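A short write-up of the structure that comes next.
The values are calculated or read from the model by the stated rules, or taken from the named source; none is laboratory data. This one's a predicted model, so the numbers in the text were calculated from it and none came from an experiment. Cβ coordinates were reconstructed from backbone atoms using ideal geometry, including for glycine residues, and neighbour counts include every protein chain displayed. Note: accessible area is taken over every heavy atom of the protein model, side chains too, but ligands, DNA and RNA are not part of it. Shrake-Rupley method; radii C 1.70, N 1.55, O 1.52, S 1.80 Å.
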Amino acid sequence: MLDKENFEFIREIEDNYKKATMLANLFFKDKKDKGGFPYLGHLQYVSNSFEDEEHKIVGMLHDIIEDTVVSKTILYELGFSDKVIEAIDVLTKNDEDYMSYINKICNSNNALAIDIKLKDLEHNMDIARIINPTDEDYQRIEKYKKCYKILEEKRKKLC
């Protein structure tokens, strides 16, 4: 929960990556991924796949708006940059179907968001993360592979 005390504590942190990590820990500490492992591990995987601060921050927070009460306004108030917040916003799946969501990311031309989504999909396609995969898991991974190719082609065009 982001009560006033937690908000003020996080806002006062000067290092934005540490700020993002604190925020992720606060909201995802008890969440599990599809394999039953701590969801923070997924966020850390995506974040740690990059060297620069913006990618690391967006990697850590790519699901924060979609899965928590944190909004763009709160991210602005916490001091994150426009570029970081825009990428997180692009990565936020709303009520659209999954392919519309992927197309939204592609059409954004936001290289930062596309980079993060590629790493997110890469990690989500790792079937070894699921102890007893079902047919549904394999179908989801096939969908992710198609989406990965679409995003990968778009990313090449942006270079």
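Angle of helix 98-108 to the longest C-alpha principal axis of the chain, folded into 0 to 90 degrees and rounded to 10: 60°. In whole percent, how big is the carbon plus sulfur part of the accessible area of the stretch 27-153, probe 1.4 Å, protein atoms only? The nonpolar share, carbon plus sulfur, comes to 47 percent.
Accessible surface comparison of C147, C159, probe 1.4 Å, protein chains only, largest first: the order is C159, C147. The accessible area of R11, taken with all protein chains in place and a 1.4 Å probe, comes to roughly 100 Å². Measuring between their Cα centroids, the stretch 61-133 and the stretch 1-58 lie 13 Å from each other. Which of N132, N25, N94 ends up with the largest GNM mean-square fluctuation for the chain, with Cα atoms connected below 10 Å? Among N132, N25, N94, the largest mean-square fluctuation in the Gaussian network model of the chain belongs to N132. The figure for L61 is an accessible area of roughly 0 square angstrom, using a 1.4 Å probe on the protein chains alone. A helix-only calculation puts the chain at -20500 deg cm²/dmol for mean residue ellipticity at 222 nm, using -39500 (n - 2.57) for each DSSP H run of at least four residues, averaged over all residues.
What FRET efficiency comes out for the pair N107/K4, r = Cβ-Cβ distance, R0 = 35 Å, nearest 0.05?
Plugging the Cβ-Cβ distance into 1/(1 + (r/R0)^6) gives 0.40.
Accessible area per residue for the stretch 34-159, computed on protein heavy atoms with a 1.4 Å probe, is 52 Å². Helix 16-28 and the long axis of the chain differ in direction by around 70°, with both axes built from C-alpha atoms. How high is the relative contact order of the chain? Use alpha-carbon pairs under 8 Å, at least six apart in sequence, and give a whole percent. RCO, the chain: 19 percent. Label point of K157 set 7 angstrom out along Cα-Cβ; within the stretch 99-114, amide nitrogens under 11 Å from it belong to 106-109. Loop-located GluC sites (Glu not before Pro) across the stretch 87-159 with a Cβ neighbour count of 12 or fewer within 10 Å are E96, with loop assigned by DSSP. Helix 39-48 and the longest principal axis of the C-alpha atoms of the chain enclose an angle of approximately 90°.
Only protein heavy atoms count here; on that basis, with a 1.4 Å probe, I57 has an accessible area of about 0 Å².
Of the listed residues M1, M60, M22, M125, the order by accessible area with a 1.4 Å probe, largest first, is M1, M22, M125, M60. Stretched out straight at 0.36 nm per residue, the stretch from D89 to E136 would grow longer than its current Cα-Cα span by 14.1 nm.
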